[in-house]
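The values are calculated or read from the model by the stated rules, or taken from the named source; none is laboratory data. A quick note: this is a predicted structure, and the numbers were derived from the prediction, not measured. Note: ideal-geometry Cβ built from the backbone for every residue, glycine included; neighbour counts use all protein chains shown. Note: accessible area is taken over every heavy atom of the protein model, side chains too, but ligands, DNA and RNA are not part of it. Shrake-Rupley method; radii C 1.70, N 1.55, O 1.52, S 1.80 Å.
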Amino acid sequence: MVTPIALVDCNNFYASCERLFQPALRGRPVVVLSNNDGCVIARSNEAKALGIGMGDPWHLNKEKFAKHGVIVRSSNYTLYGDLSGRVVTVLRAFTPDLEVYSIDEAFLSFEGFSQLDQHARTLRATVLQWTGIPVSVGIAPTKTLAKVANRTAKKTAAMEGVCNLMAPSDQELALSQLGLTDLWGVAGRLAAKLEALGIKTPLQLRDADPSWLREHMGVVMERMALELRGTPCQALTLAVAHNKSIIASRSFGQAVTQRHELEQAVAMHISRAAEKLRRQGLVAGVVMVFVTTNPFRPQDRQYVASRTIGLPVATADTTVLLKAAMLATVRLWRDGFRFKKAGVTLLELSPAATVQGDLWTAPDSPRSQALMKAMDRINAVHGRETVKLAASGIERKWKLRSEQRSPHYTTDWNDLLRVE
Amino acid sequence: MTSGPSSHPIACEIRTHLAVPCFVTSISAGFPSPADDYLDTPLDFNELLIVHPAATFAVRVVGDSMVGAGVYPGDIAVVDRSITATDGAVILGILHGEFTIKRYRSRAGAVWLEPANPAYQNIRITEDSAFEVWGVVRHTIRML
């Protein structure tokens, strides 16, 4: 018995999030910019229709956008993350088995459900009503075909957001309308390689001899061909292992050339990473700090470096992690470079409850734990960085550009939607 | 000094300690608390205010059109999107592109929005009105 897999994908997710609290954005072209307002990373359908591409740099397109009345938003990951979590919560009511694949996609097992289309339609309507986010649902026997089904659902208005490809004849029809690069994980270079072997369409890929494919293209492509035939090769990844590392990093709004500015940025990142660490009940044994110059400015001298500091005892105390991070920062600092980005990675994570001290050092004291808890609570209630380490700086000239960010409607009491 | 056996110091060496328990502060073992059987979790305001967490949003009231219904400027309105509006519900809606909080009225095929303040007029909703219900206001929270 084949288990139906549903891929639920939020339609133009970032643009939909922006529209939820700003009805004036509906029906108008909306683009969302990458961190630091660099380039376009999300588009509404209206923006796509204007020919705006993913990755289009903002500073080269300002006039074009203004001429067409394109609404530009800086990315608001705080909002997107909150709404993504809500969507997943609603999805969990529709299946016991679910894999969150990305911020706007999840694979669901529809095992045991007989009325697949009806189930998918109810799911879609519920997600829309509860969270305000429109989604498309693709149902198929494998993940690869579920991706195809989802794409077909999006492209075919008459399907109203649900496409069921459980039947081989429907799979055949859907695949016949796609190009190779429309398949999951097939980029231009891979498609060119396939074409060189005489495989020019998804149907030809499906019908190619699997062992011949493995010989010429590797096991991944063999699996893809099998999945296109309806033979599952990739199970849902249901269990969420605790994070192996926690990263906090950002590009700078303007190049950083002063050591104290870099130290402030690293201190801010360590604070954020430590907060994430504590939220998951973990401690870190290793702190890594990394910096890089801007590789897209060939006129600049380039420098990419990281330094790693091991801690005697794993900790979740921001002040201890900060000391290690500052030591690493001092070690990797070089004068005369224009730094573009810095970040910290916390490694060797383990549950806080299992930490053991050694002869000279003790695990985080109750006093330290209480301080960190108080800091997290204050920042949770009164907004991010109400209480922060002075080392992370007050002025922050280096801070990321996000000039057109919408409010944190769902996570900050000061940012709530105001209603007349 | 008088002479007597007790006045002669006796050289001795203390080799062992015997710890004698001394009940100075609270006793943690022994008598069970009579409340043990009745322990319950503390009151949780989330439980009171939020039935469907994924569908519940908070917004700030700034207008005075609903003061008669106890919705005051400065209040935080708790809005549940999972509830379908019925006649009489206080709703957060979008009318002609603007958010508004009003009482939703739906009787005999007619739909209108009813303010709770005599200074405001009812708003008739027709086929041509760009209107939708965004969510149902379940609570307001007010700082005194």
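For the range A:96-113, which residues satisfy the criterion of being open to solvent by 70 Å² or more (accessible area, probe 1.4 Å) and more than 18 Å from A:Leu145 (Cβ to Cβ)? Spell out the reasoning first.
First, pick out the residues of the range A:96-113 that are open to solvent by 70 Å² or more (accessible area, probe 1.4 Å): A:96, A:100-101, A:111-113.
Correct list: A:Pro96, A:Val100, A:Gly112.
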Any idea which residue in the range A:146-202 is nearest to A:Ser114 (Cα to Cα), counting only those that are open to solvent by less than 30 Å² (accessible area, probe 1.4 Å) and β-branched (Val, Ile, Thr)?
A:Val162
Boolean, A:Ile103 is of a type in the set (A, V, I, L, M), under 23 Å from the mean Cα position of the chain (by Cα) and modelled with pLDDT of 90 or more
no
Could you list, in sequence order, all residues of the range B:119-140 that are at the interface with another protein chain (Cβ under 10 Å from one of its Cβ atoms) and open to solvent by less than 30 Å² (accessible area, probe 1.4 Å)?
B:Trp134, B:Gly135, B:Val137
Kindly provide the set of residues from the range A:47-57 that are touching a strand residue (DSSP E or B) at 6+ places or on another chain (Cβ under 7 Å) and either open to solvent by 30 Å² or more (accessible area, probe 1.4 Å) or basic (Lys, Arg) (or both), ordered by number.
A:Met54, A:Gly55, A:Asp56, A:Pro57
When only residues in the range B:85-101 that are facing chain A (nearest Cβ under 9 Å) and at pLDDT 95 or above count, which is surrounded by the fewest Cβ atoms within 10 Å (Cβ to Cβ)?
B:Ile94
Looking at the range A:156-171 only, could you name the residues that are touching a strand residue (DSSP E or B) at 6+ places or on another chain (Cβ under 6 Å), assigned to a loop (DSSP other than H, G, I, E, B) and closer than 23 Å to A:Asn45 by Cα?
A:Gly161
For A:Ala352, only one of the following conditions fails: (1) open to solvent by 40 Å² or more (accessible area, probe 1.4 Å); (2) in contact with a His (Cβ under 8 Å, 6 or more places away or on another chain). What is its number?
(2)
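Can you confirm whether the range A:122-140 contains a residue that is in a loop (DSSP other than H, G, I, E, B), open to solvent by 60 Å² or more (accessible area, probe 1.4 Å) and either touching a His at 6+ places or on another chain (Cβ under 9 Å) or not aliphatic (A, V, I, L, M) (or both)?
Going through the range A:122-140, the residues in a loop (DSSP other than H, G, I, E, B) turn out to be A:132-134.
Checking the rest, the ones that are also open to solvent by 60 Å² or more (accessible area, probe 1.4 Å) come to none.
Looking for residues that are in a loop (DSSP other than H, G, I, E, B), open to solvent by 60 Å² or more (accessible area, probe 1.4 Å) and either touching a His at 6+ places or on another chain (Cβ under 9 Å) or not aliphatic (A, V, I, L, M) (or both), one finds none in the range A:122-140, hence no.
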Could you run through the range A:187-236 and say how many residues are under 15 Å from A:Ala146 (Cα atoms) and either in a loop (DSSP other than H, G, I, E, B) or free of Cβ contacts under 8 Å to residues at least 12 places away in the same chain (or both)?
8
Having 3 or more residues that are touching a residue at least 40 places away in the same chain (Cβ under 8 Å) is the bar; report the strands (runs of 3 or more DSSP E) wholly within the range B:40-144 that clear it.
B:56-61, B:76-80, B:90-95, B:131-141
Is one or more of the residues making up the range A:20-28 without any contact (Cβ under 8 Å) to a residue 40 or more places away in the chain, within 26 Å of B:Leu95 (Cα to Cα), assigned to a strand (DSSP E or B) and not aromatic (Phe, Trp, Tyr)?
no
Is one or more of the residues making up the range A:268-286 within 27 Å of the chain's Cα centre (by Cα), part of a helix (DSSP H, G or I) and of a type in the set (S, T, N, Q)?
yes
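Can B:Ala116 be described as crowded, with 17+ Cβ neighbours inside 10 Å, at pLDDT 95 or above, in contact with a helix residue (DSSP H, G or I) (Cβ under 6 Å, 6 or more places away or on another chain) and within 10 Å of another protein chain (Cβ to nearest Cβ)?
On the way: crowded, with 17+ Cβ neighbours inside 10 Å: yes; at pLDDT 95 or above: yes; in contact with a helix residue (DSSP H, G or I) (Cβ under 6 Å, 6 or more places away or on another chain): yes; within 10 Å of another protein chain (Cβ to nearest Cβ): no.
No; evaluated as a whole, the condition is false for this residue.
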